[in-house]
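The values are calculated or read from the model by the stated rules, or taken from the named source; none is laboratory data. Keep in mind the model is a prediction, meaning the values are calculated, not measured. Using ideal geometry, Cβ is built from the backbone for each residue, glycine included, and neighbour counts are taken over all protein chains shown. Areas reflect the complete protein model, heavy atoms only, side chains present, ligands, DNA and RNA absent. Shrake-Rupley method; radii C 1.70, N 1.55, O 1.52, S 1.80 Å.
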Amino acid sequence: MTERIPCKTEGCSATILPSTSDKTGGICMPCRQEQERKKQQAYIEQHRKTVNLYDGLTDQVDILKVMHAPRKYDPLIQYVPFPLSMEQLYISLSNQEAERMLKYTMEILAVNNESEAEEILLSLVCYRDDTISDALPELIQRGLFHNPILFKDAPQDIRDQLLERVIWDEDNRNHLLLVLGWIGDVKVIDQFREWQMRQPTWTEQLYVTPETYVLDGGWELTPNGERRDLVNPLCYAIRQSDQQYAGVTAETHARFLETSHLTCPWCNRKLKRLMVAANSHPALQYLDPQMENLQVITCDLCGGFSTIYMELDNDGVPIWSRYNQEPDYLPDIDDVNSSNEHPPSLVLSHEPQSPYYSAVWAMSQLNSQIGGHPSWVQDPEYPVCPCCERRMRFIGQIDYADFDEYAEGIYYMFICPKDRITATVYQQS
């Protein structure tokens with residue numbers, strides 16, 4: 001048996017074959033690879049260039065074009081970031097500049113740059129709530145239906161074309177039903193009502209009934225075939241108080257992420273008060289709750305495994321609901337890191353933002369808000385009120401990253417004003 005030789009690297013306890021030693025100069029392969037890595041890193045640091053692609057650019061449209069343009073990774077190039085985020089630039093565009101961005105989108109679509117074009121269209125629609133009707137025929141021609149929110153303001157001729165197409169386009173039917181849900185006008189409602197009464201033959205190819213798809217657009221079809229909105233189009237951002245964010249000044253109508261005196265009966269930890277807000281705030285008035293303040297409380301541990309309901313008394317004080325059902329599985333409390341004892345201070349913005357700002361979860365890292373459309377990480381999940389058995393209305397959401405910088409996922413808040421019950425749902429990727 002060949003005797004192995006100790007690696008010459010100080011502190012390394014590995015042994016190697018003589019043949020390996022001859023090739024590596026007496027060190028083991030992991031140490032050899034580490035040497036090569038350090039040499040490569042030293043070379044990169046010595047020869048790396050700093051490149052500012054925005055140098056000399058003052059036109060916001062030109063700056064956004066650079067932001068959207070794909071970049072090939074090169075370890076020898078370090079790009080200087082622009083001082084403002086993409087979201088901030090889109091919000092600050094004038095109407096004329098937004099039209100230029102839409103025109104540029106049509107140009108890059110013409111050369112088959114579909115990914116970049118869709119990214120720009122989503123930014124115009126979500127961050128600004130702009131109408132992009134001119135781009136819709138091209139999206140249809142290319143069969144680009146996987147971002148259904150882009151069609152929310154589709155004109156009648158586009159809507160009618162899509163209503164016809166959903167009948168025969170089996171490959172795109174799921175996305176087309178979502179598209180129609182985002183359009184949601186009277187004719188679309190009539191069509192979903194008809195499908196609700198007489199299920200089409202292709203329903204068996206779907207995972208859910210046709211009318212379930214409209215939830216993605218923020219509404220539901222009632223048993224009577226009427227549209228019932230589940231979201232408030234008036235939307236206010238929730239931001240960390242130390243964030244520099246264009247156009248946002250702090251309001252004092254709400255407080256967030258406080259520790260409640262109540263205890264979770266499942267895990268015995270203190271419940272988390274996600275939000276306490278004055279019902280006089282414009283984003284909450286549509287709920288018409290008959291109380292001064294609205295509190296939404298959950299268990300930040302158990303709420304990740306089950307919908308948590310809280311019942312509100314006449315003064316709006318929440319208590320643990322009798323309707324809560326303990327899930328089959330909860331993590332061992334000893335294996336769970338304690339939540340952030342000093343979460344960042346969150347404030348409510350003074351001015352409203354686009355109701356679709358965070359509607360596409362993958363687009364923005366600024367998801368916390370009151371009102372607007374939820375940032376569904378998975379499928380839409382409007383909880384059903386355990387009393388009246390109607391879907392509960394969306395209040396707002398807290399991004400867990402605002403709760404703990406190392407966390408992910410979103411807590412969604414809902415209420416049934418009639419039965420004075422709140423609910424929280426949690427989703428993560």
Of the residues that make up region 74-81, is at least one part of a helix (DSSP H, G or I) and open to solvent by 60 Å² or more (accessible area, probe 1.4 Å)?
no
All positions within region 274-331 that are open to solvent by 60 Å² or more (accessible area, probe 1.4 Å), closer than 18 Å to Arg391 by Cβ and assigned to a helix (DSSP H, G or I)
Tyr286
Matching residues, region 153-192, being part of a loop (DSSP other than H, G, I, E, B) and open to solvent by 20 Å² or more (accessible area, probe 1.4 Å):
Asp153, Pro155, Glu170, Asp171, Asn172, Asp185
When region 64-86 is examined, which residues are found to be of a type outside the set (Lys, Arg), touching a helix residue (DSSP H, G or I) at 6+ places or on another chain (Cβ under 9 Å) and closer than 22 Å to Glu114 by Cβ?
Leu64, Met67, His68, Ala69, Pro70, Met86
Please specify each residue of region 98-122 satisfying the condition of being more than 20 Å from the chain's Cα centre (by Cα) and either hydroxyl-bearing (Ser, Thr, Tyr) or open to solvent by 40 Å² or more (accessible area, probe 1.4 Å) (or both).
Glu99, Arg100, Lys103, Tyr104, Thr105, Met106, Glu107, Ala110, Val111, Asn112, Asn113, Glu114
Of the residues Asn147, Asn174, only one is modelled with pLDDT of 95 or more, among the polar types (S, T, N, Q) and under 20 Å from Ala117 (Cα atoms); which?
Asn147
Condition test on Pro327, is it modelled with pLDDT under 95 and out of contact with any Leu (no Cβ under 7 Å at 6 or more places or on another chain)?
yes
Restricting attention to region 299-311, the residues that are aliphatic (A, V, I, L, M) and either out of contact with any strand residue (DSSP E or B) (no Cβ under 7 Å at 6 or more places or on another chain) or farther than 25 Å from Gly409 by Cβ (or both) number exactly 1
By residue number, the members of region 88-97 that are surrounded by 14 or more Cβ atoms within 10 Å (Cβ to Cβ) and free of Cβ contacts under 8 Å to residues at least 40 places away in the same chain are Leu89, Tyr90, Leu93, Glu97
Going by what's in this entry, would Ser345 be described as modelled with pLDDT under 90, open to solvent by less than 30 Å² (accessible area, probe 1.4 Å) and hydroxyl-bearing (Ser, Thr, Tyr)?
no
With respect to Gly25, determine if the residue is small (Gly, Ala, Ser), free of Cβ contacts under 8 Å to residues at least 24 places away in the same chain, under 26 Å from Glu99 (Cβ atoms) and open to solvent by less than 80 Å² (accessible area, probe 1.4 Å).
no
Counting only residues in region 150-159 that are under 14 Å from Asp185 (Cα atoms) and hydrophobic (A, V, I, L, M, F, W, C), the one nearest to the chain's Cα centre (by Cα) is identified as Phe151
Result of the Cβ filter at 7 Å on region 300-314, keeping first residues that are farther than 19 Å from Asn279 by Cα and in contact (Cβ under 8 Å) with a residue 60 or more places away in the chain and partners that are open to solvent by 30 Å² or more (accessible area, probe 1.4 Å) and in a strand (DSSP E or B), at least 6 apart or interchain, is Gly303/Tyr426; Gly304/Tyr426
When Val208 is evaluated against the numbered criteria (1) part of a loop (DSSP other than H, G, I, E, B); (2) closer than 30 Å to Leu366 by Cβ; (3) among the β-branched types (Val, Ile, Thr), which criterion, by number, is the only one it fails?
(2)
Look at Thr20 and say whether it is of a type in the set (Ser, Thr, Tyr) and either open to solvent by 70 Å² or more (accessible area, probe 1.4 Å) or in a helix (DSSP H, G or I) (or both).
yes
Filtered residues of region 410-429 (kept if open to solvent by 10 Å² or more (accessible area, probe 1.4 Å) and under 17 Å from Trp376 (Cα atoms)):
Tyr426, Gln428, Ser429
Considering only residues that are under 30 Å from Lys65 (Cα atoms) and either in a helix (DSSP H, G or I) or not charged (D, E, K, R) (or both), which ones fall in region 23-55?
Ile44, Glu45, His47, Thr50, Val51, Asn52, Leu53, Tyr54
Within region 51-64, identify whether any single residue is closer than 30 Å to Tyr127 by Cα, touching a residue at least 40 places away in the same chain (Cβ under 8 Å) and open to solvent by 40 Å² or more (accessible area, probe 1.4 Å), and answer yes or no.
no
